[in-house]
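Colleague: Take a look at the following structure, please.
The values are calculated or read from the model by the stated rules, or taken from the named source; none is laboratory data. Please read these numbers as outputs of a predicted model, since none were measured by experiment. Every residue, glycine as well, gets a Cβ built from its backbone with ideal geometry; the counts of neighbours run over all protein chains shown. Protein only, heavy atoms only, side chains kept; ligands, DNA and RNA dropped before computing areas. Shrake-Rupley method; radii C 1.70, N 1.55, O 1.52, S 1.80 Å.
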Amino acid sequence: MESYFNVITRKIFNLHFLPTQFFLIILILFSFTCFAQDKSEVFLKGAAVTDIVEEEGFIWVATYGQGIYRYSKADSKWMNYSTKSGNLSDDLFYAIEVSKNYVWAASVEGLFTFTKKAGRWDKRKFAQGGEFGNWIRSLKYDESENVLWIGRFRNITRFDLRRRKYVDINRMQGTDQKSNTIKTISFDGDSLIWFGTESGVHIFNKKKKYTDPSAWRYLSNKKKGFKEEGNTVSVSSILFEGRNVWFGTDEFVTVEQPDFNVGGVYIFDRRFYWDRIYKRNGLGANGIYALCRVGNYIWVGVYEFDKQQKIEYGKGLYLINRITRQINEVDLNKLDITSSTILSFHFDGTYLWIGTEEGLVRLKIENELAEWPTNKPTSQKN
């Protein structure tokens with residue numbers, strides 16, 4: 001089977017290129033060996049783990065190729081939903097989300113919904129959006145409003161569970177279709193929702209109606225956003241720490257367009273200042289699959305885009321100290337991680353779950369200020 005990230009690369013390349021062409025020293029509380037293999041466990045060997053979410057007592061995992069898995073914390077047992085198990089009609093999923101009564105899974109064929117009471121999966125397709133209108137890459141459930149936000153290749157969809165109503169929201173900026181191609185969704189406190197796209201990020205103020213134009217803002221690499229770097233900016237991951245917003249961005253370059261998406265991690269102070277951390281600073285590559293914050297560290301899964309072959313190569317796992325901006329490469333061998341393609345993260349307060357192209361790793365975090373099994377620092381903040 002073709003790998004998850006190369007399928008994504010091929011789809012995007014065909015669509016966009018072919019038609020037109022605090023402290024400077026952290027107290028050392030644990031040694032490196034504290035987080036060796038006895039603190040990590042490997043599950044779902046061979047599965048490309050694209051997303052991980054949690055509900056009370058369970059971890060849900062989306063995979064590209066093996067369907068959906070549910071892990072029970074009570075008895076450490078796994079349940080699989082897939083074509084092989086005969087209880088799901090698809091195996092290729094990009095995202096997963098959960099509520100008290102439902103589980104949702106994102107696929108290229110539409111939205112799959114698992115009704116817990118009935119124990120059954122159903123599929124919904126969307127009429128709007130054209131050929132790729134059913135390709136969903138992100139999901140986020142707002143419990144306070146009982147609304148599921150769906151990030152599609154064309155449009156944002158708002159599903160009001162109380163009213164059982166789906167509404168498509170077209171956020172295309174001018175003629176830029178990539179600004180309406182949603183890759184990631186993140187909640188910022190109780191008032192803002194950020195939607196990362198292939199051409200920037202939309203910010204929605206929940207205190208206003210989604211139909212109110214003043215409820216929306218848009219940031220791109222124009223007007224000093226994202227340091228005005230690259231032809232455009234594709235946002236793959238968003239997280240928040242204090243006043244700062246961290247963006248993981250895609251690298252997508254060709255010989256013909258060497259500056260199309262330059263990639264890297266961008267940090268925005270919500271006002272004027274932008275910083276960028278990338279290969280020159282010590283990251284192993286410029287493409288960013290995922291970000292996750294644990295204490296003072298930002299965990300980063302990186303990849304490199306081969307402009308000749310037009311495919312992606314996973315380049316490992318890195319830690320960025322959010323205070324000093326020092327970068328360390330994580331020693332994957334010490335964590336028993338066999339793949340350098342790190343696709344997803346979830347921190348449940350005790351364990352960091354790391355989704356790779358070859359399985360799921362659970363790493364016990366005994367203290368958020370602890371040091372990790374890394375190689376020597378690769379860089380300090382300039």
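Colleague: Please enumerate the residues belonging to the range 317-341 that are out of contact with any Phe, Trp or Tyr (no Cβ under 9 Å at 6 or more places or on another chain) and within 23 Å of residue 49 (Cα to Cα).
Modeller: Listed by number, the residues that qualify are 332, 333, 336, 337, 338, 339.
Colleague: Right, here's the next one. Answer yes or no as to whether residue 289 is part of a strand (DSSP E or B) and under 21 Å from residue 187 (Cα atoms).
Modeller: Yes.
Colleague: Select from the range 161-193 the residues that are of a type in the set (A, V, I, L, M) and outside any loop (DSSP other than H, G, I, E, B) and write down the one among them that is farthest from the chain's Cα centre (by Cα).
Modeller: In this case the residue turns out to be 167.
Colleague: On the basis of being among the hydrophobic types (A, V, I, L, M, F, W, C), within 21 Å of residue 89 (Cα to Cα) and surrounded by 18 or more Cβ atoms within 10 Å (Cβ to Cβ), does residue 148 make the cut?
Modeller: It is false that residue 148 is among the hydrophobic types (A, V, I, L, M, F, W, C), within 21 Å of residue 89 (Cα to Cα) and surrounded by 18 or more Cβ atoms within 10 Å (Cβ to Cβ).
Colleague: Starting from the range 69-96, keep only residues that are farther than 20 Å from residue 345 by Cα and in a loop (DSSP other than H, G, I, E, B), then list their pairs with residues that are open to solvent by less than 20 Å² (accessible area, probe 1.4 Å) and among the hydrophobic types (A, V, I, L, M, F, W, C) whose Cβ atoms are within a distance under 6 Å, requiring at least 6 positions of separation or different chains.
Modeller: That search, which allows pairs on different chains as well, returns 82/88.
Colleague: Quick check on my filter: what residues within the range 25-51 are at pLDDT 95 or above, open to solvent by less than 20 Å² (accessible area, probe 1.4 Å) and in contact with an Asp or Glu (Cβ under 9 Å, 6 or more places away or on another chain)?
Modeller: Matches in the range 25-51: 47, 48, 49.
Colleague: Still on this model: Based on what the data block shows, is residue 126 of a type outside the set (Lys, Arg) and in contact with a strand residue (DSSP E or B) (Cβ under 6 Å, 6 or more places away or on another chain)?
Modeller: no
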